Amino acid sequence: MYEVVGTISDRRAAKTTNRAGIDVLTAIVLIVALSPFVMNVSPAWSRRAPTPARSSNLAGNVRPEPTENSAAPSYDPRSAPAAPPAHPDARGEIKGMVTFEGTLPKFKPLNMVNEPTCAKHYTTPVFPENVVAGPNNGLSNVVVYISAGGEEGPAATQPAMLKQRGCRYIPHVLAIETNQEIWVQNDDSVAHTVHPMARINTELNRSQPPGTPPMVIKYDKPEIIRVKCELHPWMRGVFVVLKNPHYSVSDESGGFTLPDLPPGKYTIKAWHEQFGEQSQVVTIGGGETKELKFVFKVTP
């Protein structure tokens, strides 16, 4: 038995409907096939700037800069290169202060009444310079030097200068090396005598009129030498002759520095013309700085 389903018109309608369904299916397939190309086309306002490529030639110790849309790299301090250690042969230094404890002696002003040409240099009283104190009990004119362990070398080629001005020795304490020349110059309009009272080295006593060339003195042995003028009894000074260039005379605050020292063990002495001498032993490494403090206990 056959079943008659619809008329020709119905079949044509059904055929048309089926063809429309096929067309719709074809369109869907085409859309799916073309979607990767369609997705890559977007309005300009929706495009994101491309991420710049990182160079492959960056050095290993250079961190690449973070891009706009990337997270900042974390920093590990352990990855930073350590500071190089000081070379074992590097030079070091010893520095410090010289101070006093107690009450300093009181001195009378220098009496220059018999030498008015010198007295006119001063508007305030002038005191002896064998004890000169500064702020915070600092003690000046103390010679700090290496007495053991220091290098000995050729004599200094630069002469040391001692000036006679206003009937005083400037500087009051002059530290020099053996065989280093001392140029003694008279800046006053009156004559002086230069009398270094050496005991180990050869003693001398010379007159130096005003306007004459500098007098040259040299010692070949270490010694502490008191100096005086026979014409002006208040004129006093000191030569401290040392065997190596490692010395310092404390400044007005009591400070001193011994630079350019190779690693080693040293005996450091501090000498003051009235309060005597102290010593300390110190060891420094390559490039190291050691601080010392000398304290003189004084009584009036």
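No value in this document is a laboratory result; all are computed from the given coordinates. Given the structure is predicted, the values throughout are model-derived calculations rather than measurements. All Cβ positions, glycine included, derive from the backbone under ideal geometry; neighbour counts span all protein chains shown.
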How long is the gain from residue 291 to residue 185 if the chain were fully straight, where each residue apart is worth 0.36 nm and the alpha carbon distance is subtracted?
34.5 nm
Provide the packing ranking of 172-183, 192-203, i.e. peptides ordered by the mean count of other C-beta atoms within 10 Å per residue, highest first.
172-183, 192-203
Run down the lysines and flag those whose C-alpha is under 19 Å from the C-alpha of residue 269, throwing out any fewer than 8 positions away in its chain.
95, 221, 243, 290, 293, 297
So residue 151 and residue 267, fully extended at 0.36 nm per residue minus their Cα-Cα distance, gain in nm 40.5 nm
Which of the lysines could a cross-linker bridge to residue 108, judged by Cα under 19 Å and excluding same-chain residues fewer than eight apart?
120, 228
Please state the shape class of segment 118-185: rounded when a/c is under 1.5, otherwise prolate if a/b exceeds b/c and oblate if not, all from the C-alpha gyration tensor.
oblate
